[in-house]
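Undergrad: Below are the structure tokens for one structure; questions will follow.
None of the figures in this text is laboratory data; all of them are computed from the coordinates on show. All figures in this text were calculated on a predicted structure; none of them were measured in a lab. As a convention, Cβ positions derive from the backbone with ideal geometry for all residues, glycine included, and neighbour counts pool all protein chains shown.
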């Protein structure tokens, strides 16, 4: 693959490209879905895809192909150079300068040799076992099925500034989705475990029990009157809030003035409980990688320190536009998080619930309703109503609304329960007030 | 290649895929080698182009080629699936054997002779295929939309405009002897504008396109209008008030609000959710679930609509499908697997994102049919309520709970539209909404032709439509 990349770079140069970058990703995937004790779908496949960036006189063109025949690639390189000529010069364009990396890909432990070696029977067995345990619970009335997925990929990146990088990674996941209740009062939820190493994956028992508990706790929901109350975010909900924060501090949104956090570097955007980090170097985690798609070494970046905005997350291009340094978060033409998380606080989640006289514990949301230009949040929601420090009953058909800027300044408690269930994550969180709309 | 849809052409095996009919036949035999009931090869070649303008310059362009084959084997209700983007016979047959492993029996030998069913004329004949137009012509469209947005108002601070066009060549061959091909063009021109005033910023979005060539930008969706409408929405939102919160009467704008029907009804009438009994509709066929006002169709044959196609991704010729008739559930959107297991006729709604996914029942162009009310009559009936002008999208779960996000709304006061309202979410249960849909207007219109629907990790282009409609009460999630 590296030879192919080098060949394309030579072709691009010969066609007149000033700079050229080639990435190749080769992957193999396996997945099995089982439902009600039987296999529903079984997939096994391999794929290769190549990406190309060409810059000529500060003018940029991209290309990609899953057809790796040399004839197609040759035409693609030629077209890309011709298209670059038709674009307009952008003084901020261009590859990242070659910087020596101190990151040792092997120490990141992204590849588990055990994953490609697991036999199909074991994988199918894990999915079957997970669903079987979940369906033993009489309150569960239907199943969306359980799945086991695994894949391995090899990523190669070469560019004309002399960067050559390569690494392998693996992934495996076990999940189950469930319904409880009768036809007209159904509730649903799911749970999953995703890891790079097979031996770190949660056992079927744990995934099943968690999915059951999350589903049945929503049974027999009530509607509530519209109210402004404190809201507690469970870790999975803090995850989406962090995802929204990421889209608002992404260097691309900032230079495009498409974020309410534009021009806020060095300013207070939250209270002292807010500490947010992006870290691409945590061994074994799903958001770790040795270098980004610009070939820039990964690093740890403090984003918010005690409520003060310290860094925007940038690729090489956004960094140049903003006159900042890249944070090593390039992903194709865009910017993506590595392990992006809210640092844990000191409270146990139970303590946070206990502290709430009346409020909503948010457990799921539905829909879109995030506007990074204004920071406005408005989403369908499911939750548990809290009265006198205890969970009283589930609520549904409600919406929550507020503004991320206001929420960050009104965080009252941060839990100590940080787990990397996904690369963008955080612990339990309590904010002073949101509008919960019901009847 | 131009006007390819009406003219019979030789199957371009060698051109795009390098596989002969004989290769396909042996591949299908490999796929059934362990006794599967049905096997199907899906070959795809897709060329996608992208032009992006920002900061007053044509900042980047992209060209992406996707080629590959997906093969599936059905055995009862089980699916075995493999795919590859290496179309060498060796890799193709290896994928066939992978898919075959879902079954565990002996090959049932059946002679396989391919037939080429006769086809009706295309619903989307193309005059000026975008992939054949010169780059300069396409760049000019993007510049025009960008310029119209930028010069709309001094408050416009930032504009982005993009043109996307693609052409997808597919071949479907199955063990029942079907061998069909299709060529599917698509265009989409979109514009985002950001307006600012006194430290406040808002964005507006507009776009247009369809399963069509560049001729679609000639009249309704002119680049100028696309740019101007995006800018107009952004500027209008600068003076928008926070949305009200609580239950109230809702009036939905024609066209754009079709996404409500897509979420509230369409998904839950996809056959797979009903076969598995996870949809709230599974036991409601023939039963009344809504008011007399509600008649809903999904029609994949609407000329040049973004959700249209001449054959679905299983090779079935689609038909306009009645889903709800005067409030009574009448039909489901079927793919081959569900139709077979439920013993129902095919409707031509088996779609897939690309060769690396298997087909599942999907919507195409979903709409609520025109009713009898005049728009003014509907608005006049509301003393105090909320009007939905444009939407960001929605989501539904099988229980029937759904939301959709309003990017621009209006207050209704004494039957008239007043202050613009920003960002709000509507939430409801589909059965409640169908029962509360008390007035349907006569002004049926369709959406912007830029929509994409996601289900089980697969994205497909769709469109939807509706006339002006009134829902007697629904929860608006605002901030006051």
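Undergrad: Please arrange B:123, A:172 by counting, for each residue, the other beta carbons lying within 10 Å of its beta carbon, fewest first.
TA: Details: B:123 18, A:172 25.
Ordered by Cβ neighbours within 10 Å, fewest first: B:123, A:172.
Undergrad: Then there is this: In which sequence would B:338, A:239 go, from the one with the fewest C-beta neighbours within 10 Å to the one with the most?
TA: Working: B:338 24, A:239 20.
With the fewest neighbours first, B:338, A:239 line up as A:239, B:338.
Undergrad: Please say if the stretch A:170-294 is rounded, prolate or oblate, where rounded means a/c under 1.5 for a ≥ b ≥ c the square roots of the C-alpha gyration tensor eigenvalues, and otherwise the choice is prolate for a/b larger than b/c and oblate otherwise? Let's see the in-between values first.
TA: Values: a/c = 2.62, a/b = 1.27, b/c = 2.06.
Judged from the Cα gyration tensor, the stretch A:170-294 comes out oblate (a/c at least 1.5, b/c at or above a/b).
Undergrad: Could you tell me the distance between the Cα centroids of the stretch B:291-336 and the stretch A:74-89, to the nearest Å?
TA: After rounding, the separation between the Cα centres reads 42 Å.
Undergrad: Measure out, as a whole number of angstrom, how far apart the alpha-carbon centroids of the stretch B:109-150 and the stretch A:217-247 sit.
TA: 44
Undergrad: Would you mind ranking B:267, B:131, B:256 so that the residue whose beta carbon has the fewest other beta carbons within 10 Å leads the list? Don't jump to the answer; show the numbers that get you there.
TA: Working: B:267 26, B:131 18, B:256 23.
In order of increasing Cβ crowding within 10 Å: B:131, B:256, B:267.
Undergrad: Note the angle between two axes, namely the Cα long axis of helix A:235-249 and the longest principal axis of the Cα atoms of chain A, as a number of degrees from 0 to 90, rounded to the nearest 10.
TA: 40
Undergrad: Ok, one more. Taking only Cα atoms and a 10 Å spring cutoff, compute GNM fluctuations for chain A and point out the largest among A:262, A:356, A:72.
TA: A:72
Undergrad: Could you please state, rounded to a whole Å, how far the C-alpha centre of the stretch A:104-132 is from the C-alpha centre of the stretch A:336-355?
TA: Their Cα centres are 29 Å away from one another.
Undergrad: Over chain B, what relative contact order in percent results from Cα pairs under 8 Å that are six or more residues apart? Before the final figure, lay out the partial values.
TA: On the way: 1338 pairs, mean separation 73.9, N = 480.
Relative contact order of chain B: 15 percent.
Undergrad: Go ahead and run the numbers for FRET between residue A:13 and residue B:55, Cβ-Cβ distance against an R0 of 25 Å, rounding to 0.05.
TA: Values: r = 28 Å, r/R0 = 1.11.
The computed FRET efficiency comes out at 0.35.
Undergrad: Can you tell me the 0 to 90 degree angle between the C-alpha axis of helix A:2-15 and the longest principal axis of chain A, rounded to 10?
TA: Tilt relative to chain A: about 60 degrees.
Undergrad: What does the extension gain come out to for residue A:257 and residue A:310, with contour length at 0.36 nm per residue minus their alpha carbon separation? Kindly include the intermediate steps, with their values, before the conclusion.
TA: Numbers: separation 53, 0.36 × 53 = 19.08 nm, distance 1.79 nm.
That works out to 17.3 nm of additional length.
Undergrad: With the Cα gyration tensor of the protein assembly as shown giving a ≥ b ≥ c as the square roots of its eigenvalues, does the rule (a/c under 1.5 for rounded; else a/b larger than b/c for prolate; else oblate) give rounded, prolate or oblate? Walk me through the numbers before you get to the answer.
TA: Working: a/c = 1.18, a/b = 1.09, b/c = 1.09.
Rounded.
Undergrad: Need the full-extension length gain, residue A:393 to residue A:354, defined as separation in residues times 0.36 nm minus the C-alpha distance. One decimal, nm.
TA: On the way: separation 39, 0.36 × 39 = 14.04 nm, distance 1.49 nm.
Once the chain is fully extended between residue A:393 and residue A:354, it gains 12.5 nm.
Undergrad: When a/c is below 1.5 the answer is rounded, else prolate if a/b is larger than b/c, else oblate, so apply that to the stretch B:107-200 with a ≥ b ≥ c taken from the square roots of the Cα gyration tensor eigenvalues. Please report the intermediate quantities before stating the final value.
TA: Details: a/c = 4.82, a/b = 2.98, b/c = 1.61.
The shape class here is prolate.
Undergrad: Additional query: If you line up the long axis of helix B:21-31 against the longest principal axis of chain B, both from Cα atoms, how many degrees apart are they, to the nearest 10?
TA: The two axes meet at around 90 degrees.
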